[in-house]
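In what follows, a structure is listed as structure tokens, so that the remarks can point back to it.
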4 protein chains.
Amino acid sequence: MLQLQDFKSIVTKYKVIFFDAFGVLKNYKGLIPGIEHTFNYLQEQNKDYFILTNDASRSPALLAESYHKLGLYAITPDRIISSGMLAKEYLDLKVNHGTVAYLGTEDSAHYIERSGLKTLPISQLELDNISEVNALVLLDDEGFDWNKDLNKVINLLRNRNIPVIVANTDTTYPVSQSQVAIAIGGVAELIENVVGKKFIRFGKPDSQLFNFAFEHACNNCIIDKNDILMVGDTLHTDIMGGNKFGFDTALILTGITQPHMAEQYIRSTGIIPTYICDSAVIR
Amino acid sequence: MLQLQDFKSIVTKYKVIFFDAFGVLKNYKGLIPGIEHTFNYLQEQNKDYFILTNDASRSPALLAESYHKLGLYAITPDRIISSGMLAKEYLDLKVNHGTVAYLGTEDSAHYIERSGLKTLPISQLELDNISEVNALVLLDDEGFDWNKDLNKVINLLRNRNIPVIVANTDTTYPVSQSQVAIAIGGVAELIENVVGKKFIRFGKPDSQLFNFAFEHACNNCIIDKNDILMVGDTLHTDIMGGNKFGFDTALILTGITQPHMAEQYIRSTGIIPTYICDSAVIR
Amino acid sequence: MLQLQDFKSIVTKYKVIFFDAFGVLKNYKGLIPGIEHTFNYLQEQNKDYFILTNDASRSPALLAESYHKLGLYAITPDRIISSGMLAKEYLDLKVNHGTVAYLGTEDSAHYIERSGLKTLPISQLELDNISEVNALVLLDDEGFDWNKDLNKVINLLRNRNIPVIVANTDTTYPVSQSQVAIAIGGVAELIENVVGKKFIRFGKPDSQLFNFAFEHACNNCIIDKNDILMVGDTLHTDIMGGNKFGFDTALILTGITQPHMAEQYIRSTGIIPTYICDSAVIR
Amino acid sequence: MLQLQDFKSIVTKYKVIFFDAFGVLKNYKGLIPGIEHTFNYLQEQNKDYFILTNDASRSPALLAESYHKLGLYAITPDRIISSGMLAKEYLDLKVNHGTVAYLGTEDSAHYIERSGLKTLPISQLELDNISEVNALVLLDDEGFDWNKDLNKVINLLRNRNIPVIVANTDTTYPVSQSQVAIAIGGVAELIENVVGKKFIRFGKPDSQLFNFAFEHACNNCIIDKNDILMVGDTLHTDIMGGNKFGFDTALILTGITQPHMAEQYIRSTGIIPTYICDSAVIR
């Protein structure tokens, strides 16, 4: 039988808490009721915290703003670590010139614009003029025509051998209690299958995001991996990735992993969280 | 080195010839020049022939008409065996009542309308009224909004456990010399990945289409598997499927398998045609 | 909730019954108690029956003998349809001369010896003398040294482009209530991954075995697909394959699909049997 | 056409060089002739260097000794970064007590013994006494009975939900000019398929090994990702992993990527090295 533990008593054992966003802090209805108390408590206790998200659809500033609008002021832009930041780092280090094409909204292009490269939405790409395109970044499932622009992407990749970066590895995201939508990570798999290539994926469970966050958290401090707790609602991203990187992990049951299924999912996947808690709310 | 053989001298060894359509009889530009002579020759020699196609976007009558418009009159509707026919057989045998939802054009719905069931394009489906939907058929990549309607399909399948039939297993099809488009078989893989289920797929290389064609060809005759030659341009559909079913196979180099790559593809895939020929044209 | 039906009342609706073997007629302990009554009933009612098995480790004669030893005399060799028979048909039609190498016991080589070709266990293959080897057949998980002989197979396939036939698609088989063993189908996946090729697989759920059985059952009769009931304990082989081929299907809960998990497996896989029954025993 | 560059002139641009071992420094015949000059040059130029290897079959000390026996003294144990070290780190951080079972030789158990946990080769495991086994590590393809012990592993994992660590992600390794052997990474895929779980994999191309090496190289220095060159012979491990982590990469043609295939592999995989060089030898 599943043994639930008290989130507050767990948190006291760690110096830094990493939170997943969707399913932990908020859901399709808004904030998880009471979650603001958790951050009050963390601040009182002088514990550091960061949000690790695969959401590359908006900049940290816009993401933080979305929490402020909901009444949660503890999430400031410097607390947000998004897979989009890794896409930016990749472009900085590996793509020196030319144009970066992208799938996503204008907001999502934030991450690649900051790299100083010319950006081009796939909708504006002309297939007879692709010699300057030196990378393709998949950022968000919105902002393009799925039929027309995905076919354009296929043909771009058949005719130009360039790195493709997937800035969000999720395949779906919830839009209501019973409905989901296909995320850009799911679209990326379609394109990979069709062109027969494996793209560069950033985002949980890949260790590079956990490492990026770990370095970020350590900026002016001495911290070990076992000083950090990763809190998430999804076994195969938050928990698997956190475990592999060496963090302790807490599975939270307010999101995609529903209480009555948790035990069976853990057994069938072999992904074992250090703790299981009803929610991340500390009252 | 690749040893090419003369198509005419091969054909004389068989009683029935099965042809793939795209890349063998026609390409994005129109008919393969001279292909009409092949059918004149087959008729003179009293050899039977059939077209085996994964194209479920149109009825045999409309497919035959498309050849007639190009000037090839030898392809009559009764000569066409489409994966759409297997979708119809499945619905006849396994789905007795209710509504069949589909992705595709109105033309493609031909196959499921003939089963006598009520048909409903996904675009007209309402997600709060799905209790009558007893099957979903994926027919064609056109005729729906990829973003909106694929998300609808995901949610239909999350909330109702029904058989899903994929009537075209191809992942892409060529639209010009250098460009392709994603076919409904590629879209089906996206949906399978997202919902975590395996769908029922009809079409080459699956042996059920070869068997359907074999029975069709034998209607009033006594024929063995080794009386039949399967002619195609694609190793992993036409040749792999034909080989597995027990037919001799001829790889044709007027389509997707280009002459300079044929040898390497055969070696890397382990799919070995009985013969390799420049084209299916008999002059 | 799962609605169970009475096996006897279902059987009356069909002319021919196809049975899976393991989990339906027998398990690791011996015969399913009372199963002999089922065959008495079928014979009284003049209903035909066949055993469809992915077990290619022994000839039909030896398989039938194994039932006789357990006291079930209704299973005669002519009632057994094994995936090994399809391997034999393939070799007859597609491999005309030379040597067929194999992985398996001497008993399992029965199927390929009957094809008239020279057979060679991989253990006796010499890697500097492979020019006569024209096919490789994977028959059984016993009869060879897994480490030494699998490495030999890898190198044979790297140096000679030949068809590889997998005569049993199962990945595991039960050896006791709590333990399983890796079957040759699981070993085949390892080899496929390492050499990067897809092999020719016979056995449920592939439709070729169902078609072979259907033709076999129809030898001197007129029968339709909906006159046949496929009875099995495994959703993704017996039920998926039977459904796809157009048969009605009955899932039996005496084997791998345990009663308390049946409903959830059906929902998560989307493989829906026509009926669900406690067992195939008719008393 | 492929543009080859001079390895020496490339090396001058970087402060630290990371080398893959097999195919770059040595092959099945012994050292790549002249490779010792490369290390003389690096030492003269005060450039740092490390060996990044997926070989977890022996400790760094034993690996270094193997180079010394071949006459290459520049490879000292502290220069070797093996995927086995990450397995050790994982056990240190995540498995606090009990027994660690393993597949591999006694030499390979070095990495897990250093963690202070009790170690147990699978050959000595008894399946009715598994309650103390808290992790399984796959280390090497030798040192166990593939048939008996792999079946034991399957049943261990069916009856006990524990983390499984794969310390070498390679699927094969070369044993002569024309022959390869299956590596433990290939064996791991077999087990994953059979038990339906995804294991924790350390080793190139996973970014965690590159990160571990990066931190190791920086111990007492200030270094950026673009001060480092990753040199390897394999596109999908050395080059893909190096690129993703943000290093510049050099593909070397003395190993698995043969000169006449390099261009096509790069095009078909979309894995694009910064440079391509004949060899890593500096004369």
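Coordinate-derived values only; no laboratory data. These numbers come from a predicted model, not from an experiment. Ideal geometry is used to build each Cβ from the backbone, glycine not excepted, and the neighbour counts take in all protein chains shown.
Helices in chain C, meaning DSSP H runs of at least 4 residues, each add -39500 (n - 2.57). Divided by all residues, the mean residue ellipticity at 222 nm is -10000 deg cm²/dmol.
Over the residues of the range A:157-258, compute the C-alpha Rg and express it relative to 2.2 N^0.38 Å. If you can, show how the numbers build up before the last one.
Numbers: Rg = 16.3 Å, N = 102, 2.2 N^0.38 = 12.8 Å.
This ratio for the range A:157-258 stands at 1.28.
3J(HN,Hα) along the range A:103-116: 9, x, 7, 5, 4, 5, 5, 2, 5, 8, 5, 5, 7, x Hz, from the Karplus curve 6.51 cos²θ - 1.76 cosθ + 1.60 with θ = phi - 60°, whole Hz, x for Gly and Pro. Placing a label point 7 Å from the Cα of residue C:176 along the Cα-to-Cβ direction, the residues of the range D:133-176 whose backbone N falls under 19 Å of that point are D:133, D:147-161.
Over the range C:84-201, what is the percentage of antiparallel beta bridges among all DSSP beta bridges, to the nearest 5? DSSP beta bridges in the range C:84-201 are roughly 20 percent antiparallel. Residue pairs exceeding 27 angstrom between C-alpha atoms, taken from C:197/D:204; A:47/D:197; B:198/B:244; B:8/B:88; B:94/B:198: A:47/D:197; B:8/B:88. Peptide B:197-205 has a mean shielding of 2, counted as Cβ atoms of other protein chains within 10 Å of each residue's Cβ. A simple charge model with +1 on the Cβ of Lys and Arg, -1 on the Cβ of Asp and Glu and nothing else charged puts the dipole of chain A at about 340 debye relative to its Cα centre. When only Cα pairs below 8 angstrom with a gap of at least 6 residues are kept, chain D shows a relative contact order of 24 percent.
Among the chymotrypsin sites (Phe, Trp or Tyr not before Pro) found in the range A:6-60, those both in a DSSP coil and sparsely packed, with 16 or fewer other Cβ atoms within 10 Å of their Cβ, are A:28. Taking only Cα atoms, what is the 0 to 90° angle, nearest 10, from helix C:259-269's long axis to the longest principal axis of chain C? The helix C:259-269 is inclined about 60 degrees to chain C. Label-point spacing at residue D:61 relative to the other copies reads 5.6, 6.2, 8.4 nm, in ascending order, each point sitting 7 Å out from Cα along Cα→Cβ.
Determine the percent antiparallel among the DSSP beta bridges restricted to the protein assembly as shown, to the nearest 5.
Counting only bridges with both partners in the protein assembly as shown, antiparallel ones make up about 15 percent.
With a 10 Å cut-off around each Cβ of C:168-179, the average count of Cβ atoms from other chains is 2. Using a simple spin-label model with pseudo-atoms 7 Å out from Cα toward Cβ, residue D:145 and residue A:215 lie 4.9 nm apart.
When the trypsin sites (Lys or Arg not before Pro) in the range D:1-95 are filtered for DSSP coil states and for at most 13 other beta-carbon atoms within 10 Å of their beta-carbon, the remaining sites are D:13, D:29.
One-quarter of the Cα convex hull surface for the range C:219-283, in nm²?
For the range C:219-283, averaging the hull's shadow over all directions gives 5.2 nm².
For the range B:1-148, averaging the sequence separation of C-alpha pairs within contact (under 8 Å, six or more residues apart) and dividing by the residue count gives a relative contact order of 20 percent.
Each of B:121, B:96, B:172 was scored by the projection of its Cα onto the charge dipole of the range B:84-201, and the greatest displacement toward the positive side belongs to B:96; charges sit on the C-beta of Lys, Arg, Asp and Glu.
For peptide D:143-149, what's the mean number of Cβ atoms from other chains within 10 Å of each residue's Cβ?
Counting Cβ atoms of other protein chains within 10 Å of each residue's Cβ and averaging gives 4.
Please work out the Kirkwood hydrodynamic radius for chain A, using every pair of different C-alpha atoms, and report it in angstroms with one decimal place. When all Cα pairs of chain A are included, the Kirkwood radius is 19.6 Å.
Summing Lys and Arg as +1 and Asp and Glu as -1 over all other residues whose Cβ lies under 12 Å from the Cβ of residue D:158 gives a net charge of +4.
Is the range A:87-201 best put as rounded, prolate or oblate by its Cα gyration tensor, with a ≥ b ≥ c the root eigenvalues, rounded for a/c under 1.5, and otherwise prolate when a/b is larger than b/c, oblate when not? Prolate is the answer for the range A:87-201, as a/c is 1.5 or above and a/b outweighs b/c.
When only Cα pairs below 8 angstrom with a gap of at least 6 residues are kept, the range B:109-236 shows a relative contact order of 20 percent. Axis angle, to the nearest 10 degrees, between helix B:60-70 and the longest C-alpha principal axis of chain B: 50 degrees. Shape of the protein assembly as shown from its Cα gyration tensor (a ≥ b ≥ c, root eigenvalues): rounded if a/c is under 1.5, otherwise prolate when a/b > b/c, or oblate? Rounded, since a/c falls under 1.5.
The stretch between residue D:76 and residue D:13 holds 20.3 nm of extra length on full extension. This uses 0.36 nm per residue minus the Cα-Cα distance.
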